[in-house]
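> One structure coming up, written as structure tokens, with questions to follow.
Nothing in this text is a laboratory measurement; each read-out follows from the coordinates by a stated rule. Remember, it's a predicted structure, so these values are computed and weren't measured experimentally. Note: ideal-geometry Cβ built from the backbone for every residue, glycine included; neighbour counts use all protein chains shown.
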Amino acid sequence: MAALNLDKDACEFCKMNISDAHFMTELITQKGRVYKFDDISCMLKYAETVDKGTIKNFYVGNVEKSNEFIDATTAWYITHTSYKSPMGGNTAAFATKEAAVAQANKITATAEIEYFTSKFRKEGSKQP
């Protein structure tokens, strides 16, 4: 993972400055190149445009801890209008099931681990 410079680094997909560390994401290629995004939805849209075999890892911002990345394939997700992500994806990532379920119960939403892998699958691989 690369250090993220808020309000300076731009999203690879929509080109907007990345301004909210809670929704930041990164895609890392097999060659080690890091692509930064301001919203999970931007990363997923970008990933649809590249050869999936070139992708090594995905990371998402932990909504509970500003400026902390977590593995996108093991994170828990909530999509709800109470999350105002930069590009309107309104999806927040949590490091643990317990944290996601506790928050989901507060806002009457559903926490799910399959969100990321259901949006992006990589055939013949353990990667999503």
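> Give me the extension gain from GLU64 to ASN105: residue separation times 0.36 nm, minus the current Cα-Cα distance, reported in nm with one decimal.
So the extension gain works out to 13.2 nm.
> Still on this structure, I have one more. Given contacts defined as C-alpha pairs under 8 Å and at least six residues apart, what's the relative contact order of region 10-115, whole-number percent? Before the final figure, lay out the partial values.
Values: 214 pairs, mean separation 24.9, N = 106.
23 percent.
> Label region 30-104 by shape, choosing from rounded, prolate and oblate, from the square roots a ≥ b ≥ c of the eigenvalues of the Cα gyration tensor; if a/c is under 1.5 it is rounded, and otherwise prolate applies when a/b is larger than b/c, oblate when it is not.
Details: a/c = 2.17, a/b = 1.60, b/c = 1.36.
Here region 30-104 falls in the prolate category.
> What is the magnitude of the charge dipole of the chain about its Cα centre, with +1 placed on the Cβ of each Lys and Arg, -1 on the Cβ of each Asp and Glu, and no other charges, expressed in debye to the nearest 20? Before the final figure, lay out the partial values.
Details: 16 positive and 16 negative charges, 55 e Å.
Here the size comes out at about 260 debye.
> A follow-up question, please. How many nm separate the modelled label positions at LYS56 and LYS84, each set 7 Å beyond the Cα in the direction of the Cβ?
Going from the LYS56 label point to the LYS84 one covers 3.7 nm.
> Also: Would you work out if the chain is rounded, prolate or oblate? Take a ≥ b ≥ c from the square roots of the eigenvalues of the alpha-carbon gyration tensor; rounded if a/c is under 1.5, else prolate when a/b is larger than b/c, oblate otherwise. It would help to have the intermediate numbers written out before the result.
Working: a/c = 1.78, a/b = 1.23, b/c = 1.45.
Judged from the Cα gyration tensor, the chain comes out oblate (a/c at least 1.5, b/c at or above a/b).
> List the residues whose amide H sits under 5 Å from the amide H of ASN90, counting only those 5 or more places along or on another chain, with H placed 1.01 Å from N in the peptide plane.
Result for ASN90 returns SER85.
> Still on this structure: What number, rounded to the nearest 500 deg cm²/dmol, is the helix-based mean residue ellipticity at 222 nm of the chain, given -39500 (n - 2.57) per DSSP H run of at least four residues and division by all its residues?
-5500 deg cm²/dmol
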